[in-house]
Amino acid sequence: MSHIPEDSLDSGAGLPFLQVRNLRVHFPTDDGVVKSVDDLSFSVERGKTLGIVGESGSGKSVTSLSIMGLHKEGAARISGEILLDGRNLVGMDREKVRLLRGKRMAMIFQDPLSAMHPYYTVGAQIVEAYRVHNKVAKQVARKHAIDLLARVGIPNPKSRVDDYPHQFSGGMRQRAMIAMALSCDPELLIADEPTTALDVTVQAQILDLIRDLQQEFDSAVVLITHDLGVVAELADDIMVMYAGRAVEHSTATDIFNSPQHPYTWGLLGSMPRLDRERSERLQPIKGTPPSLINVPDGCPFNPRCAYAGRNGDLSFTERPEFRDIGGGHHIACHLPTEDRHHIWDEEIRPKL
Amino acid sequence: MSTPKPAGELLSVTGLRKHFPIRRGILQRQVGAVQAVDGLTFSVNRGETLSLVGESGCGKTTTGRLLTRLLEPTSGKIVLDGRDISHLSMSAMRPLRCDVQMIFQDPYSSLNPRHTVGTIVGAPFRLQKVRPENGVKRAVQDLLELVGLNPEHYNRYPHEFSGGQRQRIGIARTLALKPKLIVADEPVSALDVSIQAQVVNLLEDLQDEFNLTYVMIAHDLSVVRHVSDRVAVMYLGKIMEIADRTSLYERPMHPYTVALLSAVPVPDTSRRTRRERIRLQGDVPSPINPPVGCRFHTRCWKAQEVCKVEEPALAELAPGHRAACHFPENVGGSV
Ligand SMILES: Nc1ncnc2c1ncn2[C@@H]1O[C@H](COP(=O)(O)OP(=O)(O)OP(=O)(O)O)[C@@H](O)[C@H]1O
Ligand SMILES: Nc1ncnc2c1ncn2[C@@H]1O[C@H](COP(=O)(O)OP(=O)(O)O)[C@@H](O)[C@H]1O
Ligand code: SF4
Ligand code: SF4
Ligand SMILES: [Mg+2]
Ligand SMILES: [Mg+2]
């Protein structure tokens, strides 16, 4: 059984550029097996942006590192399929994955310093990344690096190309990393919390940049963040993760206008919003996310869910299937349709 | 020593400056200064929350450390509850430590990993040589309960708690001596949104219960609107605008405030196209050589020649609403 919302997310013409099917990433540790990602499926087409949201520790970064083939050899137990333009990356020779990385897929990280070498100039690093995949003269690659820095909005790129990363401000480093990631026009771009460390004004610049570049290159983008505001800016589709699993997945409009999963309701109720009247009180989700070594039986969200008692024992004994509730809108929850609609209309929507 | 205290006012700050000297060479000659905080004037009333917002490096934390006197001001005056504390020595400051407390941004590094929760939360009693009525242990357990932690976790260590729980431990420690003023430096920004809401509600409940006064330092403008009575917007060590919450969010006057507000992403896809955005170019200039005239002129879309030479005063443009700009927005209408 596949969880991919086939009809809604495929445009019909050809397969999505990235398809993840039943991905499991488990880490054996002294305390037990950490089930960081458990039976996760999704897909992204060229020219589209999938937003993945969830709290810290919900498995977002582990998912992106799996796609990029960046988990340390032997540390992670990975199963399922990751199809990049139809080719399965799970179990593929590491060297082959390395060649795809940079050429066909690239990643931007939260902390640009972790992705850049402190002792080489920004230009040298872009040149290096470019020449791995393109056999061109150094001067040609340097020209390309300057063009890219200009493209991502670095002022005076001709002189800044010779700066070291620490000479750039936080926003400029993020731009430089994007330039590096784009050096080979990747068809898949994964941005893991690309703006979390930045001020709102710079965040707005970076989000604009990612949007423009995507339109220019028609790439598939996966945007990972814990900030629902950020995904609302860019994402076509949104997948909400909890404890290593998808709990809701639909179009961005659905997720914001008619969310159907109690955890998504909780996220929306927790955040103060500038686009609404100020509420007297925030509506937090009680408790904390579970340990991924001891995921609760039944629905992993049950200790924090206000509606867990409404389904007899089901929420505590049986894992809810991730299923299509119409039009490609997927959720994993036992609440009967009627109750769900009723709760949304009467209890949740009026308070958001 | 004592200054007359206006009714309701707990904290009053005038012309507050902190310049960190930059020294070079073998002789450590001063070659310049980081003008981290450069002339702040504001006051905070009892029981109210004033928030300081602004981009990274604008001097929020430095201001917080000045108010709690973890730093000595270069110049200017801080009056707390009628008492000038601007230049009090460490020992003269000690009894006042009961009145002012600080909550730190990072719940991971602000708690000593080798101390139990009991030791951490009880530390202020020992430092101040305060003997709670029913003993320190009992007092600590009451505090833990107050912030929503299990009192039985007295003997546990910080690493056994989640980020939100650690922030609660920090809050419990802060409350031990019943302070009048709490300076909270980004108390929720390291927390996940669902946990952030729990801690915001806790801070609000405690304020109501003990009539606490907060100076809240934050960069998330949505959270700031939720928690504040008044808001001060800072840029390069100066206050650009200060007003009550409603005026600031509904009628922002300073172009920088307008730009900040328009950059906040909102969780609503239908806004994507409709929203009119002001995009600031570039980054904040260095506080070592801040621009002359209006400090914001290098990024301001309204800047004129006068802005490059003449610094605008922080003037009251509507009742209780001050802004430092030659060409403010949203003024006019009724006078
Ligand atoms: N001890 C110090 N010596 C020299 N410069 C300092 C010192 N402490 C802070 N600064 C500088 O003063 C300025 C203001 O710093 P501050 O920490 O107050 O900023 P902030 O507004 O709290 O920023 P953030 O949002 O990043 O926490 C910055 O330019 C900073 O680098
Ligand atoms: N190498 C590893 N070994 C063991 N556990 C790991 C490893 N990497 C990540 N984890 C765990 O996997 C879970 C998901 O992590 P991550 O994907 O980084 O979360 P996030 O959603 O915040 O990006 C966390 O519980 C984390 O501690
Ligand atoms: S399955 Fe039960 S516990 Fe899980 S989200 Fe639905 S109602 Fe809540
Ligand atoms: S004084 Fe001039 S530069 Fe400064 S904010 Fe106002 S318009 Fe902009
Ligand atoms: Mg992560
Ligand atoms: Mg700070």
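In the range A:47-66, how many residues are open to solvent by 50 Å² or more (accessible area, probe 1.4 Å) and assigned to a helix (DSSP H, G or I)?
Applying the first criterion (open to solvent by 50 Å² or more (accessible area, probe 1.4 Å)) to the range A:47-66 yields A:48, A:56-57, A:61.
Still in the list and also assigned to a helix (DSSP H, G or I): A:61.
Total satisfying the criteria: 1.
Kindly provide the set of residues from the range A:183-212 that are in a loop (DSSP other than H, G, I, E, B) and either within 16 Å of ligand 5 (Cβ to nearest atom) or in contact with a helix residue (DSSP H, G or I) (Cβ under 6 Å, 6 or more places away or on another chain) (or both), ordered by number.
Keep residues of the range A:183-212 that are in a loop (DSSP other than H, G, I, E, B), which gives A:183-187, A:193-199.
Matches in the range A:183-212: A:183, A:184, A:185, A:193, A:194, A:195, A:196, A:197, A:198.
Given the structure, is residue B:122 assigned to a helix (DSSP H, G or I) and either crowded, with 23+ Cβ neighbours inside 10 Å or of a type in the set (S, T, N, Q) (or both)? Don't jump to the end; show me each part of the working.
Values: assigned to a helix (DSSP H, G or I): yes; either crowded, with 23+ Cβ neighbours inside 10 Å or of a type in the set (S, T, N, Q) (or both): yes.
Yes; evaluated as a whole, the condition is true for this residue.
What pairs come up if the first residue lies in the range A:67-81 and is surrounded by 13 or more Cβ atoms within 10 Å (Cβ to Cβ), the second is β-branched (Val, Ile, Thr), and their beta carbons are under 6 Å apart, counting only those six or more places apart or on different chains?
As it stands, the answer is A:67/A:82; A:69/A:97; A:76/A:25; A:78/A:25; A:78/A:90; A:81/A:90, since those pairs meet every condition given.
Taking the options A:128, A:95, name whichever one is more than 21 Å from residue A:73 (Cβ to Cβ) and open to solvent by 40 Å² or more (accessible area, probe 1.4 Å).
Numbers: A:95 fails: more than 21 Å from residue A:73 (Cβ to Cβ).
Of A:128, A:95, the one residue that is more than 21 Å from residue A:73 (Cβ to Cβ) and open to solvent by 40 Å² or more (accessible area, probe 1.4 Å) is A:128.
Out of (1) closer than 30 Å to residue B:43 by Cβ; (2) away from chain A (no Cβ under 14 Å); (3) in contact with a helix residue (DSSP H, G or I) (Cβ under 8 Å, 6 or more places away or on another chain), what's the single condition that is false for residue B:167?
(2) is the only condition that residue B:167 fails.
From the list B:267, B:287, exactly one residue is of a type outside the set (Val, Ile, Thr), in a loop (DSSP other than H, G, I, E, B) and within 22 Å of residue B:17 (Cβ to Cβ). Which is it?
On the way: B:267 fails: within 22 Å of residue B:17 (Cβ to Cβ).
One residue alone meets the criteria, B:287.
Quick one: in the range B:237-271, of everything that is crowded, with 24+ Cβ neighbours inside 10 Å and farther than 17 Å from residue B:328 by Cβ, which residue is farthest from the other protein chains (Cβ to nearest Cβ)?
That would be B:237.
Taking the stated definitions as given, is residue B:282 among the small types (Gly, Ala, Ser) and open to solvent by less than 50 Å² (accessible area, probe 1.4 Å)?
Details: among the small types (Gly, Ala, Ser): yes; open to solvent by less than 50 Å² (accessible area, probe 1.4 Å): yes.
For residue B:282, the condition - among the small types (Gly, Ala, Ser) and open to solvent by less than 50 Å² (accessible area, probe 1.4 Å) - is met.
Residues to consider are A:44, A:34, A:122; find the one that is over 13 Å from the mean Cα position of the chain (by Cα), open to solvent by less than 20 Å² (accessible area, probe 1.4 Å) and in contact (Cβ under 8 Å) with a residue 24 or more places away in the chain. Walk me through how you get there before you give the answer.
Numbers: A:44 fails: over 13 Å from the mean Cα position of the chain (by Cα); A:34 fails: open to solvent by less than 20 Å² (accessible area, probe 1.4 Å).
One residue alone meets the criteria, A:122.
Suppose the filter is open to solvent by 10 Å² or more (accessible area, probe 1.4 Å) and free of Cβ contacts under 8 Å to residues at least 60 places away in the same chain; does residue B:196 pass it?
On the way: open to solvent by 10 Å² or more (accessible area, probe 1.4 Å): yes; free of Cβ contacts under 8 Å to residues at least 60 places away in the same chain: yes.
When the stated conditions are applied, residue B:196 passes them.
Rundown of residues vs (1) in contact (Cβ under 8 Å) with a residue 12 or more places away in the chain; (2) farther than 26 Å from residue B:315 by Cα, yes/no style:
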position	(1), (2)
B:145	no, yes
B:155	yes, yes
B:165	yes, yes
B:202	yes, yes
B:227	yes, no
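For the range A:133-162: of the residues being within 22 Å of residue A:201 (Cβ to Cβ) and outside any helix (DSSP H, G or I), which is nearest to the chain's Cα centre (by Cα)?
A:152
For the range A:211-233, name all the residues that are surrounded by 22 or more Cβ atoms within 10 Å (Cβ to Cβ) and more than 7 Å from chain B (Cβ to nearest Cβ).
A:219, A:220, A:221, A:222, A:223, A:224, A:225, A:231
Could you list all residues from the range B:211-244 that are under 13 Å from the mean Cα position of the chain (by Cα), assigned to a loop (DSSP other than H, G, I, E, B) and of a type in the set (A, V, I, L, M, F, W, C)?
The answer is B:218, and nothing else.
Going by the structure shown, is residue B:285 within 16 Å of ligand 1 (Cβ to nearest atom) and more than 11 Å from chain A (Cβ to nearest Cβ)? Full working, then the answer.
On the way: within 16 Å of ligand 1 (Cβ to nearest atom): yes; more than 11 Å from chain A (Cβ to nearest Cβ): no.
Considered against the rule, which asks whether it is within 16 Å of ligand 1 (Cβ to nearest atom) and more than 11 Å from chain A (Cβ to nearest Cβ), residue B:285 comes out as no.
Search the range B:76-101 for residues being at pLDDT 90 or above and under 29 Å from residue B:165 (Cβ atoms), and hand back the single one that is least open to solvent (accessible area, probe 1.4 Å).
My answer is B:100.
Quick one: is residue A:164 within 16 Å of ligand 3 (Cβ to nearest atom) and of a type in the set (Phe, Trp, Tyr)?
Details: within 16 Å of ligand 3 (Cβ to nearest atom): no; of a type in the set (Phe, Trp, Tyr): yes.
Judged against the criteria, residue A:164 is not a match.
Quick check on my filter: what residues within the range A:131-178 are at negative phi, surrounded by fewer than 14 Cβ atoms within 10 Å (Cβ to Cβ) and within 14 Å of chain B (Cβ to nearest Cβ)?
Matches in the range A:131-178: A:155, A:167.
Is it the case that residue A:246 is modelled with pLDDT of 95 or more and open to solvent by 30 Å² or more (accessible area, probe 1.4 Å)?
Values: modelled with pLDDT of 95 or more: yes; open to solvent by 30 Å² or more (accessible area, probe 1.4 Å): no.
Judged against the criteria, residue A:246 is not a match.
Would you check which residues across the range A:324-339 are surrounded by fewer than 20 Cβ atoms within 10 Å (Cβ to Cβ), under 21 Å from residue A:257 (Cβ atoms), out of contact with any helix residue (DSSP H, G or I) (no Cβ under 9 Å at 6 or more places or on another chain) and touching a residue at least 24 places away in the same chain (Cβ under 8 Å) and list them?
Answer for the range A:324-339, where residues must be surrounded by fewer than 20 Cβ atoms within 10 Å (Cβ to Cβ), under 21 Å from residue A:257 (Cβ atoms), out of contact with any helix residue (DSSP H, G or I) (no Cβ under 9 Å at 6 or more places or on another chain) and touching a residue at least 24 places away in the same chain (Cβ under 8 Å): just A:339.
Mind checking which residues of the range B:16-52 are part of a loop (DSSP other than H, G, I, E, B) and of a type in the set (S, T, N, Q)? Lay out the reasoning, then the answer.
Kept after step one, since they are part of a loop (DSSP other than H, G, I, E, B), are these residues of the range B:16-52: B:25-28, B:46-48.
Hit for the range B:16-52 is B:28, nothing else.
Among strands (runs of 3 or more DSSP E) lying entirely in the range A:290-344, which contain 3 or more residues that are closer than 25 Å to residue A:24 by Cβ and not β-branched (Val, Ile, Thr)?
Details: elements: A:310-313, A:322-324, A:330-332.
In the range A:290-344, the matching strands (runs of 3 or more DSSP E) lie at A:322-324.
Residues that are within 27 Å of residue B:157 (Cα to Cα), open to solvent by less than 40 Å² (accessible area, probe 1.4 Å), part of a loop (DSSP other than H, G, I, E, B) and in contact with a Pro (Cβ under 6 Å, 6 or more places away or on another chain): does the range B:102-112 have at least one?
Yes: the range B:102-112 contains one or more residues that are within 27 Å of residue B:157 (Cα to Cα), open to solvent by less than 40 Å² (accessible area, probe 1.4 Å), part of a loop (DSSP other than H, G, I, E, B) and in contact with a Pro (Cβ under 6 Å, 6 or more places away or on another chain).
The values are calculated or read from the model by the stated rules, or taken from the named source; none is laboratory data. Predicted model only: the values in this text are computed from it and were never measured. All Cβ positions, glycine included, derive from the backbone under ideal geometry; neighbour counts span all protein chains shown. We work out accessible area using only protein heavy atoms, side chains counted, and drop any ligands, DNA or RNA first. Shrake-Rupley method; radii C 1.70, N 1.55, O 1.52, S 1.80 Å.
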